[in-house]
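Take a look at the structure set out below.
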Amino acid sequence: MSETPDLVAGRYRLDRHLGQGSFAETYLAEDTTLSRQVAIKILRSQYANDERYALRFEREARAAASVRHVNIVDVFDYGQDNATLFMVMEWVDGPNLKEYLRGRGQLTPDDAARVMRDVLQGLQVIHEAGIVHRDVKPQNVLVDPSGTAKISDFGIARGAFDAGLTDTGMALGTAAYMAPEQARAGEVGPAADLYAAGVILFEMLTGRLPFPGENPLQVMYHHVNEQPPDPRQLNPNIPAGLALVVMKALAKEPADRFATAAEMLAAIEQPPSGDEETRIMAAAAPDRTRAMPAAAAGSGGRRPPPPRRTRRKRNSSRWPVFLVAGMLILFAIAGIWFLATREDAVTDDPTPTPIVTPEVTPTETPEPTPEPTPEPTATPEPSPTPEPTPEPTPTPEPSPTPEPTPEPTPTPDPAEDPGVGSEMQSIAFNAMVLGAPSSELQGVDFDGSFVPNNWENLPDQSTFLYSQATDFSSGEALFVAQEAAGGIFVGIEMTALTGGLLEELPIEIWVNETLVFRGESPFNNDDTETIRWWYRESGAIQPGENVIRIENMAEQGNVGELPWLLIDEVTIYYR
């Protein structure tokens, strides 16, 4: 804000700051030439020199200026003053519809219908101009002192002004009002705007959203895979015909919605009859054959995902119960590593061999019965899992079992899920990291990733990695090892979410020059999940600065499209 001039283009004197979006600031200003108040939107200085953002800003101005209607905020001027890109708009001295609803809760059916008439009349003009708004929501509907609703903010509109302009993910829209086809990254037409209008009408009539939620990814999942509730169940005062207008607007397939905004407006004036209720309600039900790609294949019929849980503290009250078991497992694993290290000193294999110990520990319940029974029968059983007898038995056994039993960790398939499973696996990991130095990172700490600062209610500090076809496929984060590493182990704990089919999203995780994981994403599609890797590699982490790199190895997919990886938190442990 400090770089914004007080007088723009020698004409618009800034009065006060009104608000800000992801890429621009909005001010109340005085047009000194015409002596009137206007709203002026100024692209932030860090984006003004980027051609992509400058073109998008110009496209928004041209799209908005191309339509004139009482229910659309007017754009008066657009230009550049030195390094300042600006757009001058009609000043609407009133709240946006979200604020308007917040002060009133739900509206009466008559008031809701009146506001929706204004919104639909504006959308009809926009669509007739060949423009799809793609971000219709109450925050982008302004209410003037007379109660007239006006559509604003064409920031992600698409239409006649898009030629040659590549989407960079800003066109994702807002999850709470997003049509199923938009959530699936499919073709988006005017029907998507009418779906959003149906969500707004639902919200005005009931005082809540059809699919509330804190995580936009979950909300998008619901829009695609779940039937919205009948608004009459939430507000019995809603006329049956108006409720059917809402449900038809919320049909899953665009062809089952209203063909135009004018048709939806006519339906509000003359609501559908009860004879059409069965067909309308069926159209609002999800088609399980077109489940959202962010859900695993074949998962269309399962219940919706649970709300995102906060990560459980490592010092939870359950920890003391399992302390003894964890420490026994620690001793057993440390003993195995010690023996393996002595043999590996000969082979000196530079590649880290991830110790998938959680696959072993559940079955290796340490039996305290150290029966000596020195069986003379040298049973040549190639049992590759040496019994983790917790008894230290320092006396050298005369029966050394000269069999060269191969290393029990034969470089397991990295696509296996080494950190998810029984409670004992979690205990084993907790035992290994107990007292270990660590470095905690957030998703936004990974340089090169995509930070979605235009979505509402995303997991805090999360970030996206898109395919190799984009500039956001790889994220690197710097962390500092406080003490000398290279002892027993290194552990990685990562909380993330997969968008798309797992087999379409290979990922790689590197620490410095050491490959930790390569394979299909082990994270699920419904909610963020924490997965752990541990491996033995003495040179993986050095004292001082280190780098962890995570890559989306998918070859195709634009920004904002599947398959993607959302990174929430990463913790690195080392000894």
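Key figures
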| read-out | value |
| --- | --- |
| Selection status of residue 192, touching a helix residue (DSSP H, G or I) at 6+ places or on another chain (Cβ under 7 Å) and part of a helix (DSSP H, G or I) | yes |
| Hits in segment 56-102 (condition: open to solvent by 50 Å² or more (accessible area, probe 1.4 Å), among the aromatic types (Phe, Trp, Tyr) and part of a strand (DSSP E or B)) | 76, 78 |
| Restricting segment 37-55 to residues that are in contact (Cβ under 8 Å) with a residue 24 or more places away in the chain and outside any helix (DSSP H, G or I), the residue that is farthest from residue 83 (Cα to Cα) | 37 |
| Within segment 132-143, considering residues that are more than 30 Å from residue 30 (Cβ to Cβ) and assigned to a loop (DSSP other than H, G, I, E, B), the one nearest to the chain's Cα centre (by Cα) | 134 |
| Selection count, segment 224-233, where residues are more than 19 Å from residue 498 (Cβ to Cβ) and either in contact with a Gly (Cβ under 8 Å, 6 or more places away or on another chain) or not in a helix (DSSP H, G or I) (or both) | 5 |
| Of the criteria (1) touching a residue at least 40 places away in the same chain (Cβ under 8 Å); (2) assigned to a strand (DSSP E or B); (3) open to solvent by less than 40 Å² (accessible area, probe 1.4 Å), which one residue 25 fails | (1) |
| Matching residues, segment 496-518, being of a type outside the set (A, V, I, L, M), at pLDDT below 90 and open to solvent by 10 Å² or more (accessible area, probe 1.4 Å) | 503, 504, 510, 512, 513, 514, 518 |
| Search result, residues across segment 543-558 that are closer than 19 Å to residue 220 by Cβ and either among the hydroxyl-bearing types (Ser, Thr, Tyr) or surrounded by fewer than 22 Cβ atoms within 10 Å (Cβ to Cβ) (or both) | 558 |
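Here is a yes/no grid of residues against (1) modelled with pLDDT under 95; (2) under 25 Å from the mean Cα position of the chain (by Cα); (3) outside any helix (DSSP H, G or I); (4) of a type in the set (Phe, Trp, Tyr):
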residue: 115; (1), (2), (3), (4): no, no, no, no
residue: 121; (1), (2), (3), (4): no, no, no, no
residue: 130; (1), (2), (3), (4): yes, no, yes, no
residue: 165; (1), (2), (3), (4): yes, yes, yes, no
residue: 181; (1), (2), (3), (4): yes, yes, no, no
residue: 196; (1), (2), (3), (4): no, yes, no, no
residue: 200; (1), (2), (3), (4): no, yes, no, no
residue: 222; (1), (2), (3), (4): yes, yes, no, no
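The values are calculated or read from the model by the stated rules, or taken from the named source; none is laboratory data. Please read all numbers here as calculations on a predicted model, not as lab measurements. Here the Cβ is made from the backbone with ideal geometry for all residues, glycine too, and neighbour counts use every protein chain on show. To get the accessible areas, we keep the full protein, side chains included, count just its heavy atoms, and leave off ligands, DNA and RNA. Shrake-Rupley method; radii C 1.70, N 1.55, O 1.52, S 1.80 Å.
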